[in-house]
Amino acid sequence: MSEKSRLAALLTRDHQQLAEIHLREGRKDKALDLFARAGSWKQAGRLALELRQVPRAVELFLSGALGSAAEAYRESAPTHAAQLLLSAGHAEEALLLFEAAGAWPQAAMIAARLRDLPRAASHYERAREYEQAALYYERIGRFDDALRVLEAQARQLVQSGARAGASAEAARRDLDLRRAEILARLGRSQEAVALLRAWKLMGRAARLLEKAGEVERAIDAYLEAGEAREARRLVGRARGLDPRILARVHLESGDSAQAARILASLGEAREAAAAFETAGDLPSAAQQWQACREFDRAAQAWKRAGRFAEAGRCFELGGNAAQAAECLARAGEAGAAATAYVQAGRYLEASRHFLAVGDRSQAARALQQVAVGGSEFEPATLLLVPLLLEEGLPGAALQRLRMLSPAAGGGLEANLERLYWEGRANEALGKRDEAASAYQKLIALRRDHRDAPTRLVELGRQAASAPPPQPGAEPTRLEPRSPVSGIRPGTLLAGRYEIRAELGRGGMGCVYRAFDRELGDQVAIKTLLEGPERDGKEEERLLREVQICRRITHPNVVRVFDIGRMDGGLFVTMELLEGVGLDTLIGRGKQLSLARVRSVLTEVLAGLAEAHALEVVHRDLKPSNLFLTSRHLKILDFGIARMAEGDPRLTRTGFAVGTPLYMSPEQIRGELLDGRSDLYSLGVLTFTLLAGREPFLGPGAAAIVLDHLQAPPPNLLELRPELPLPWKALVEKLMAKSPEERFPDARTAAFFLAKLPIS
């Protein structure tokens, strides 16, 4: 600008023009003042910033805002000034101006840049940028404030009414994830897990709980998330972890066996059984199914394990008689299988198994229950007829054969058997001609069937030597005979009890099956007959047995009903049992399975506990006094002991009643007895069931008695090497010579028995 222009500007006092002149000439200080005088606040403010006069620049910017007539400028001037300050590198001063202008987003960003985190958090919150605010509150450890602003953000999302969609869903999800993390930091893990569960993020919840040090809850969350291996990783860090959770960890991470053992120790039998099955430990699974009374499942497990005896017992308990019979038959327990077949209504199979154990009476009873005309009637008849002949009932045998249909489809073999037994029945009835005719028909079909040719020849010889019949004489007929002496079938005792069949006999009497005409029911009758060895004491013992047994109503003790007199003695009526004696299952050298032994002993102890509670001592506990029915084991003969000379299994002294093989030392000495004497006898029984023989087998009663008094029982492990040691300890405890060294009572012994291993 020319000198003339400068002079004109001075004369006219044109500050604006002079300021521009000084600015071009590089005199910025003078230009700054002149711009200010001219009211050019922005230009003056910029020059102040260039000259690093920050306070004055701010003052100029604000003065311009106050003096401006434009409202928009007045509102934007502080912000503009702040931006200028910021662009000039004066962030702190710019922050003040942004705060003064209420420009919270900008103020928050500058505060963050200046690392003034509390200020940044507060300004982001004022700007309603809640997620950013939460971030800075978290950085300074103000988690309560961080949670508060995130909750405000959540409310804002709800109030915004945003439509549901993938983006909105993701936003809410991310927000809840952050809230959950902060809640965990605040120790409010339950609320945090609830948020994450709502989004099905249990894996995140588990890691959050793990990070917060809540190990047990983290394990539970990992399990819920299906991350069992992660849960198992934390097990070692958990103190006092709930065993149920530990079992679940093992189960879901693939260690079913360990899980099953834990569940079993907790008494969770059903869950333990399922886990044992998963682990392939079928015997243990079966035991647990039994414990929770799931007998069918227990039986199936035993069966898959190849343990058919145990399977049969469980099928029996579960009411599945047919399956029980099949399994017991496969286990070689024919007597028990026969009883189960009867329960299942499969009488022909039952009879075959009764015959296998020599119980011909029960076999005949089963065969007589086979339906007439059915497919099994012919084979049943051909088995029954020989039994009827053995019982001296040829007429009944012949009548049974006549019931067979001529068109029965049994084939040649069945037809041959029909002819043979028809001949035998006619022979027994004295009908030689009919017998010979049957044998001739038989030989025509097969010459060498059984002993038919020999019998035919013998009949011919008898016919040749017999005198000719007298005119008008009746042919001689053989009458049915009772196979043994005693009370004949058909006899009526006391005008009430009709004797049907003999069931067994001992040294002093017999046991019969009878029909009670008054009550219309089957009963058993035990008699005490006259004989050379009978004395008044026998009657006293029988009376005492009735008095004692009528007091005991336990399912493991046979029920005794009444007593009566008959010619030649006394008789007792009692519960009629269907089954087999325990002694029939104990063959010499036969060792029963541990499961079967425990089952037998458990029921014996239950019956003894009831009797001992009534101050009743059995005094003669032995296998023949234990009877196995389809439902329960029954204890027989409380208060009575039979006597017989010369039998080492029976004794007869002036002071001791019992069986030497099973008598306690104090019983042998004639001392006062209590229930512990029966426990000694039970110990001998246990030894026998485990070893297949009694512990003491001397040459006579005296030697056996001496062993009971002085000798320890033989080492069971030599007779059964695989026997678990606790079983040996049980026998030694029961057979202690001194009663004080045995279990105090039957219930305590049963508690010990229940814990013994059976596999």
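The values are calculated or read from the model by the stated rules, or taken from the named source; none is laboratory data. As the structure is a prediction and not an experimental result, all values here were calculated from the model. Virtual Cβ from ideal backbone geometry, glycine too; neighbours counted across all protein chains shown.
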One residue is enough: does segment 301-308 have a residue meeting the conditions among the hydrophobic types (A, V, I, L, M, F, W, C), crowded, with 21+ Cβ neighbours inside 10 Å, at pLDDT below 90 and in a helix (DSSP H, G or I)? no
May I ask you to say which residue of Pro489, Pro480 is assigned to a loop (DSSP other than H, G, I, E, B), modelled with pLDDT of 65 or more and either surrounded by 15 or more Cβ atoms within 10 Å (Cβ to Cβ) or among the β-branched types (Val, Ile, Thr) (or both)? Pro489
Go through segment 551-594 and give me each residue that's within 30 Å of Pro721 (Cα to Cα), surrounded by fewer than 17 Cβ atoms within 10 Å (Cβ to Cβ) and in contact with a Ser or Thr (Cβ under 7 Å, 6 or more places away or on another chain). Asp583
Residue among Glu434, Glu376 that is farther than 16 Å from Ala452 by Cα and acidic (Asp, Glu): Glu376
Inspect all residues belonging to segment 61-78 and state whether any of them is modelled with pLDDT of 75 or more, in a helix (DSSP H, G or I) and touching a helix residue (DSSP H, G or I) at 6+ places or on another chain (Cβ under 6 Å). no
Do we have any residue at all in segment 579-602 that's among the acidic types (Asp, Glu) and either more than 28 Å from Ser351 (Cβ to Cβ) or out of contact with any helix residue (DSSP H, G or I) (no Cβ under 7 Å at 6 or more places or on another chain) (or both)? no
Would you be able to say whether some residue in segment 265-272 is under 22 Å from Val597 (Cβ atoms) and touching a Pro at 6+ places or on another chain (Cβ under 8 Å)? no
Considering only residues that are assigned to a loop (DSSP other than H, G, I, E, B) and either on the phi < 0 side of the Ramachandran plot or touching a Leu at 6+ places or on another chain (Cβ under 6 Å) (or both), which ones fall in segment 589-604? Lys590, Gln591, Leu592, Ser593
Ile668 is checked against (1) modelled with pLDDT under 95; (2) farther than 21 Å from Val617 by Cα and fails just one. What number does that condition carry? (2)
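Looking at Val684, is it in contact with a Ser or Thr (Cβ under 6 Å, 6 or more places away or on another chain), modelled with pLDDT of 95 or more and of a type outside the set (Gly, Ala, Ser)?
Numbers: in contact with a Ser or Thr (Cβ under 6 Å, 6 or more places away or on another chain): no; modelled with pLDDT of 95 or more: yes; of a type outside the set (Gly, Ala, Ser): yes.
For Val684, the condition - in contact with a Ser or Thr (Cβ under 6 Å, 6 or more places away or on another chain), modelled with pLDDT of 95 or more and of a type outside the set (Gly, Ala, Ser) - is not met.
Rundown of residues vs (1) under 20 Å from Arg598 (Cα atoms); (2) hydrophobic (A, V, I, L, M, F, W, C), yes/no style:
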{"site": "Gly280", "(1), (2)": "no, no"}
{"site": "Gln300", "(1), (2)": "yes, no"}
{"site": "Arg307", "(1), (2)": "yes, no"}
{"site": "Ala322", "(1), (2)": "no, yes"}
{"site": "Leu328", "(1), (2)": "yes, yes"}
{"site": "Glu349", "(1), (2)": "no, no"}
{"site": "Arg352", "(1), (2)": "no, no"}
{"site": "Gln368", "(1), (2)": "no, no"}
Inter-residue pairs, beta-carbon under 9 Å, first within 12 Å of Leu594 (Cβ to Cβ) and in segment 721-736, second part of a helix (DSSP H, G or I) and hydroxyl-bearing (Ser, Thr, Tyr), 6+ apart: Trp727/Thr686; Leu730/Thr686
In segment 548-564, which residues are farther than 13 Å from Lys526 by Cβ, at pLDDT below 80 and touching a strand residue (DSSP E or B) at 6+ places or on another chain (Cβ under 9 Å)? Ile548, Arg550
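Where in segment 83-189 are there helices (runs of 4 or more DSSP H), lying fully within it, with 3 or more residues that are over 52 Å from the mean Cα position of the chain (by Cα)?
Working: elements: 91-101, 104-113, 117-126, 130-139, 143-159, 166-185.
Filter on segment 83-189 gives 91-101, 104-113, 117-126, 130-139, 143-159.
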Would you say Ala749 is in a helix (DSSP H, G or I), among the aliphatic types (A, V, I, L, M) and touching a helix residue (DSSP H, G or I) at 6+ places or on another chain (Cβ under 9 Å)? yes
Looking for whichever is of a type in the set (Asp, Glu), at pLDDT 70 or above and either within 22 Å of Val580 (Cβ to Cβ) or assigned to a helix (DSSP H, G or I) (or both) here; the options are Glu518, Glu540, Glu545, Glu502. Which one fits? Glu502
Consider segment 295-317. How many of its residues are over 22 Å from Thr339 (Cα atoms) and touching a residue at least 24 places away in the same chain (Cβ under 8 Å)? 1
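Does Ser265 satisfy being more than 29 Å from Gly318 (Cβ to Cβ) and of a type in the set (Gly, Ala, Ser)? Show your work before the answer.
Working: more than 29 Å from Gly318 (Cβ to Cβ): no; of a type in the set (Gly, Ala, Ser): yes.
Against the criterion (more than 29 Å from Gly318 (Cβ to Cβ) and of a type in the set (Gly, Ala, Ser)), Ser265 does not qualify.
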Pairs, first touching a residue at least 40 places away in the same chain (Cβ under 8 Å) in segment 415-437, second buried (at least 20 other Cβ atoms within 10 Å of the Cβ), C-beta under 6 Å, six or more apart: Ala425/Pro394; Ala425/Ala397; Ala425/Leu398; Ala428/Pro394; Leu429/Pro394
Phe276 being surrounded by 19 or more Cβ atoms within 10 Å (Cβ to Cβ), farther than 28 Å from Ala225 by Cα and of a type outside the set (Gly, Ala, Ser): no
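Search segment 521-531 for residues being aliphatic (A, V, I, L, M) and within 13 Å of Gly569 (Cβ to Cβ), and hand back the single one that is modelled with the lowest pLDDT.
Applying the first criterion (aliphatic (A, V, I, L, M)) to segment 521-531 yields 523-525, 528-529.
Those left that are additionally within 13 Å of Gly569 (Cβ to Cβ): 525, 528-529.
Working: Ile525: 92, Leu528: 72, Leu529: 57.
My answer is Leu529.
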Look at Gly607 and say whether it is among the small types (Gly, Ala, Ser) and in a strand (DSSP E or B). no
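Here's the yes/no breakdown for (1) surrounded by fewer than 19 Cβ atoms within 10 Å (Cβ to Cβ); (2) touching a residue at least 60 places away in the same chain (Cβ under 8 Å); (3) part of a helix (DSSP H, G or I):
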residue	(1), (2), (3)
Arg217	no, no, yes
Asp220	no, no, yes
Gly226	yes, no, no
Arg232	no, no, yes
Val235	yes, no, yes
Arg239	yes, no, no
Ala259	no, no, yes
Ile262	no, no, yes
Hey, Leu195 touching a Lys or Arg at 6+ places or on another chain (Cβ under 7 Å), of a type in the set (A, V, I, L, M, F, W, C) and either modelled with pLDDT of 80 or more or buried (at least 19 other Cβ atoms within 10 Å of the Cβ) (or both) or not: yes
Considering only residues that are assigned to a loop (DSSP other than H, G, I, E, B), of a type in the set (Asp, Glu) and closer than 26 Å to Leu393 by Cβ, look in segment 429-477 and name the one that is modelled with the highest pLDDT. Asp451
